[in-house]
Amino acid sequence: MTQLPIYQYLNTQGNEIVYVTLNRPEVRNAFNEGLIGELQDVFTNLGADDDCRVIVLQANGKSFCAGADLNWMKSMANFTKAENIADSRKMALMLNTIYSCPKPVIAKVQGDAYAGGVGLASVCDVLIASTQVRFCISEAKLGLLPATIAPYVIRALGEQASRRYFVTAEVFTAAHGKEIGFVHELVDPDALDSKVDEICQAILSNGPMAVMACKKMVRDISQQAITPALLEDTVERIATIRTSNEAQVRMKAFLEKSK
């Protein structure tokens with residue numbers, strides 16, 4: 001695996017399965033400029049690392065991520081509009097880097113996720129949460145709006161639920177998140193590790209190139225109208241991957257086993 005730097009606010013461990021751990025438990029893993037920059041860096045590096053097959057995003061402490069750090073927010077109080085734009089752009093680019101990462105990303109949510117923490121969970125491909133977890137899109141309580149996280153939360157939570165929780169800033173449980181399709185797997189706290197490993201092993205059993213192509217296809221196609229151009233795009237995708245060495249080897253092994 002590519003040698004990652006030593007981060008101040010993150011821990012990293014693993015090779016095929018890489019665990020990226022938010023490590024600011026004293027402030028409930030809230031975002032500051034440093035954490036945002038480190039997340040941007042680590043997901044850029046892991047996305048380009050051939051050894052890495054799956055990334056698990058997790059956190060130390062009682063909370064997954066509480067959104068913005070209060071001290072960081074205080075430092076922005078007197079920012080000009082231009083300074084606010086530059087600062088917000090860093091958050092937007094970090095979220096998009098995780099969302100666009102070629103490797104599957106699993107959110108292992110062991111504790112509460114508020115505001116930007118909901119956005120962080122939303123950019124992941126699989127969301128596994130403890131039964132004790134609560135979510136809240138709380139920006140409106142501060143007279144703000146969840147702008148940079150909105151493209152991902154609306155996709156993950158759904159438009160109708162977003163219409164409610166963006167404007168009410170109500171807390172909702174992980175169990176309710178499971179009911180509405182936001183949470184993929186809901187497990188007791190002591191079963192969280194085993195469920196994450198189960199999903200990781202399912203991914204590792206598949207072709208690495210196929211997994212990345214599947215992830216990209218969902219991202220590319222999900223918001224598109226079904227048109228003749230889209231149909232041709234899907235034809236091109238399957239024809240291209242069928243001729244890949246990975247597909248040839250795997251299909252041959254499957255057919256020979258079947259015989």
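The numbers here are math on the coordinates, done by the rules we state, and not lab data. What you see is a predicted model, and the numbers here were worked out from it, not measured in a lab. Here Cβ is always computed from backbone atoms with ideal geometry, including for glycine, and neighbour counts include all displayed protein chains.
Observations
- When you restrict to C-alpha pairs under 8 Å that are six or more residues apart and normalise by the size of the chain, the relative contact order lands at 15 percent.
- Shape category assigned to the chain from the gyration tensor of Cα positions, a/c cut at 1.5: prolate
- For the stretch 208-258, a crude dipole built from +1 on the beta carbon of Lys and Arg and -1 on the beta carbon of Asp and Glu, taken about the Cα centre, is about 240 debye to the nearest 20.
- Sparse packing (at most 16 other Cβ atoms within 10 Å of the Cβ) combined with a DSSP loop state is found for the following GluC sites (Glu not before Pro) in the stretch 169-259: 170.
- Here the contact order of the stretch 129-259, divided by its residue count and restricted to Cα pairs under 8 Å and six or more residues apart, works out to 25 percent.
- For the chain, size of Cβ-based charge dipole, Lys and Arg +1, Asp and Glu -1, in debye: 400 debye
- DSSP-assigned coil residues among GluC sites (Glu not before Pro) in the stretch 25-117, each with at most 15 further Cβ atoms within 10 Å: none
- Residues 122, 88 arranged by fewest to most Cβ contacts within 10 Å: 88, 122
- Pairwise centroid distance, computed over Cα atoms, of the stretch 6-38 with the stretch 77-125, Å: 13 Å
- Label positions at residue 89 and residue 255, each projected 7 Å from the Cα along the C-beta direction, are separated by 5.2 nm.
- Extension gain (nm, one decimal) between residue 227 and residue 142, 0.36 nm per residue minus Cα-Cα: 26.3 nm
- Shape annotation for the stretch 208-258: C-alpha extents along the principal axes are 39, 19, 18 Å, from largest to smallest.
- Ignoring lysines fewer than eight residues from residue 216 along the same chain, the ones with Cα atoms less than 28 angstrom from its Cα are 90, 103, 108, 178, 195, 252.
- The amide H of residue 182, built 1.01 Å from its N in the peptide plane, has no neighbour under 5 Å, considering only residues 5 or more places off or on other chains.
- Protection-proxy order for peptides 63-70, 89-96, each taking the mean of Cβ atoms within 10 Å per residue, highest first: 63-70, 89-96
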